[in-house]
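Written out below as structure tokens is the structure these notes cover.
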Amino acid sequence: MMRFMIMIFLALFFTVQLSAIEEIDRIDSIVSDIEKLRKEYKIKLAEEREKNSTLVNRIHELQVEITSLKIQIKKLKKAKKPKKKVHSKRKHKKQSLYHFKASAFHLSKNANIYADKSTNRVIEKWEKGTSFTSNLKSDKRIKITGYFVNKVWKKADKNMWVNLIDVESKKRQR
């Protein structure tokens, strides 16, 4: 009986030993996996820091470019203001020219077409309703930059002006 007890004890002892060895192997495997994950994490962290540094540098470059573009826009706006109002002197008479966004117009009545903004030389006579485009006007006249023939726009090939009082803005039909 004693032998039997010793055998059970030894069997139990070896079983516990095997179980402990398996547990140690399992813990070693977990530690190994953790070390591997830590190495991968450090590599990824270094890569992300480098990407972040690159992005921060790019953001700085773009901010400098934006500042430069804002300065250019201000300069262009300042340069555009003097261009909007052009003064011409003729026999001590000051007449201003105003540039605006090109638009379509039509004659509100039969009208004379003049060779210049200030001359009285009539070069043509147009009928009421004739459509034309412009982007420049003086105090009293508007320049004809193009006109419509059979609903087809044609660029004006000579200097043509019409009195502002003979003109209406063409409303867009929708």
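Using the structure shown, decide if His99 is on the phi < 0 side of the Ramachandran plot, part of a strand (DSSP E or B), touching a helix residue (DSSP H, G or I) at 6+ places or on another chain (Cβ under 6 Å) and at pLDDT 90 or above. Yes, satisfied.
Residues in the stretch 119-141 that are part of a loop (DSSP other than H, G, I, E, B), among the polar types (S, T, N, Q) and under 17 Å from Leu97 (Cα atoms): Thr119, Ser138.
How many residues does the stretch 124-174 contain that are aromatic (Phe, Trp, Tyr) and touching a Gly at 6+ places or on another chain (Cβ under 8 Å)?
Residues of the stretch 124-174 aromatic (Phe, Trp, Tyr): 126, 132, 147-148, 153, 161.
Add one more test, that the residue is touching a Gly at 6+ places or on another chain (Cβ under 8 Å), and what stays is 132, 153.
Residues in the stretch 124-174 being aromatic (Phe, Trp, Tyr) and touching a Gly at 6+ places or on another chain (Cβ under 8 Å): 2 in total.
Does the stretch 55-71 contain at least one residue that is assigned to a strand (DSSP E or B) and either farther than 30 Å from Val152 by Cβ or modelled with pLDDT under 90 (or both)? So that I can check it myself, show each step before the final result.
Here is the first cut: in the stretch 55-71, the ones assigned to a strand (DSSP E or B) are none.
Among the residues of the stretch 55-71, not one is assigned to a strand (DSSP E or B) and either farther than 30 Å from Val152 by Cβ or modelled with pLDDT under 90 (or both), which makes the answer no.
Would you confirm whether any residue within the stretch 139-156 is touching a residue at least 24 places away in the same chain (Cβ under 8 Å) and loosely packed, with under 12 Cβ neighbours inside 10 Å? Scanning the stretch 139-156 turns up no residue that is touching a residue at least 24 places away in the same chain (Cβ under 8 Å) and loosely packed, with under 12 Cβ neighbours inside 10 Å. Scanning the stretch 142-153 finds one or more residues that are assigned by TED's automatic domain parsing to the domain that holds His106, of a type outside the set (D, E, K, R), farther than 23 Å from Leu97 by Cβ and not in a strand (DSSP E or B).
The values are calculated or read from the model by the stated rules, or taken from the named source; none is laboratory data. Since we're looking at a predicted model, the values are computed, not measured. Positions of Cβ are backbone-derived with ideal geometry, glycine not excepted, and every protein chain shown enters the neighbour counts.
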